[in-house]
Amino acid sequence: GSSGDRWDVFEEWINKFGVDTTAFRAEMCGDQGVGLVAERDIRQGEKLIHVPRHLMITADIALRNADMAHLFQTDVLLRRIESLALSMCVLRERLLGSWSKFAPYLDIIPQEFSTPLWFSPDEVVTLKGSPVLDKVTSRIRGHARQYCHLYNVIKSGAVPSIPPTQFTFELFRWAVSVVMTRQNMIPTSTGGESLALIPLWDMINHSQGEYTTQYDLARDQVEFFAMTNTPRDKQILMFYGPRPNSELLLHAGFVHRGNLHDSV
């Protein structure tokens, strides 16, 4: 279906779990891609979004599946790199298709990204002379190595729920990019923190400002408060936290021209 249909299905899914979406709609917002636009005037400080943990994709989801749990507990790479473990979760949920609880969420995520993993060789060359070039090429090499390692594990039949023929580099690159562009740290009840993908909340685009998201441990949910007064039909924006532009390029695939946190 069209992106509008996919948004409707997603909205219905998230509403079913008690998340209210009446204050905004999803819309293309120029270079920033899809964002959330106010359906009514919104006051600064108003609580706009809450997302309970059970709607988030976290690496521990994999532990509920026997063969994935075995892989996660025995594979050195997956134990060491949490973002890679989360990427493999996303990949498996995608392979489950409409059987996945998270299908409505995964369906609204872009199929392609502007992060360096998707650069053509020509685009990589345009970074020549930029300090980001080394980071980009080592990132691409690193992901290729991870893929080869995991492909060999999967080819050995260690993970029946991921058939080797379906474990393509394209799918792996997509899952890694989803995690790279959307991952966030949430606190855990044990006092640690874990990586999570947070549906709906992660559709809000970035602007300079102050951080207005909090995690309510008692309710076990992420809460977002409007950063500014936002008139009807204007985009709702949030501050992603102080990251230099080179990090924003590597992780989110865009460079913010007015970034006060840029390091040369």
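No other residue among 208, 214, 146 is outside the structural domain of residue 44 (by TED's automatic domain parsing) and either modelled with pLDDT of 85 or more or more than 22 Å from residue 79 (Cβ to Cβ) (or both) apart from 146. In region 21-55, the residue that is surrounded by the fewest Cβ atoms within 10 Å (Cβ to Cβ) out of those that are under 20 Å from the mean Cα position of the chain (by Cα) and of a type in the set (Asp, Glu) is 31.
Remark: pairs (first residue in region 1-25, aromatic (Phe, Trp, Tyr); second residue crowded, with 18+ Cβ neighbours inside 10 Å and part of a helix (DSSP H, G or I); Cβ separation under 9 Å; 6+ apart in sequence or on different chains) = 10/104; 10/105; 13/55; 13/104; 13/105; 17/55.
For every residue, the table says whether it meets (1) within 26 Å of residue 91 (Cβ to Cβ); (2) surrounded by 13 or more Cβ atoms within 10 Å (Cβ to Cβ).
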residue: 117; (1), (2): yes, yes
residue: 125; (1), (2): no, no
residue: 141; (1), (2): yes, no
residue: 153; (1), (2): yes, yes
residue: 161; (1), (2): yes, yes
residue: 177; (1), (2): yes, yes
residue: 210; (1), (2): no, no
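Looking at region 218-240, can you tell me whether even one residue there is modelled with pLDDT under 85, of a type outside the set (Gly, Ala, Ser) and not assigned by TED's automatic domain parsing to the domain that holds residue 42? Taking every residue of region 218-240 in turn, at least one turns out to be modelled with pLDDT under 85, of a type outside the set (Gly, Ala, Ser) and not assigned by TED's automatic domain parsing to the domain that holds residue 42. Does region 61-69 contain any residue that is buried (at least 17 other Cβ atoms within 10 Å of the Cβ), in a helix (DSSP H, G or I) and either at pLDDT 95 or above or touching a Phe, Trp or Tyr at 6+ places or on another chain (Cβ under 8 Å) (or both)? For region 61-69, residues buried (at least 17 other Cβ atoms within 10 Å of the Cβ), in a helix (DSSP H, G or I) and either at pLDDT 95 or above or touching a Phe, Trp or Tyr at 6+ places or on another chain (Cβ under 8 Å) (or both): present. Against the test of being loosely packed, with under 15 Cβ neighbours inside 10 Å, over 17 Å from residue 222 (Cβ atoms), of a type in the set (S, T, N, Q) and in contact with a helix residue (DSSP H, G or I) (Cβ under 6 Å, 6 or more places away or on another chain), the options 83, 2, 87 yield a single qualifying residue, 83.
The values are calculated or read from the model by the stated rules, or taken from the named source; none is laboratory data. Keep in mind that what you see is a predicted model, and the values were worked out from it rather than measured. Positions of Cβ are generated from backbone atoms using ideal geometry, with glycine treated the same way; all protein chains shown enter the neighbour counts.
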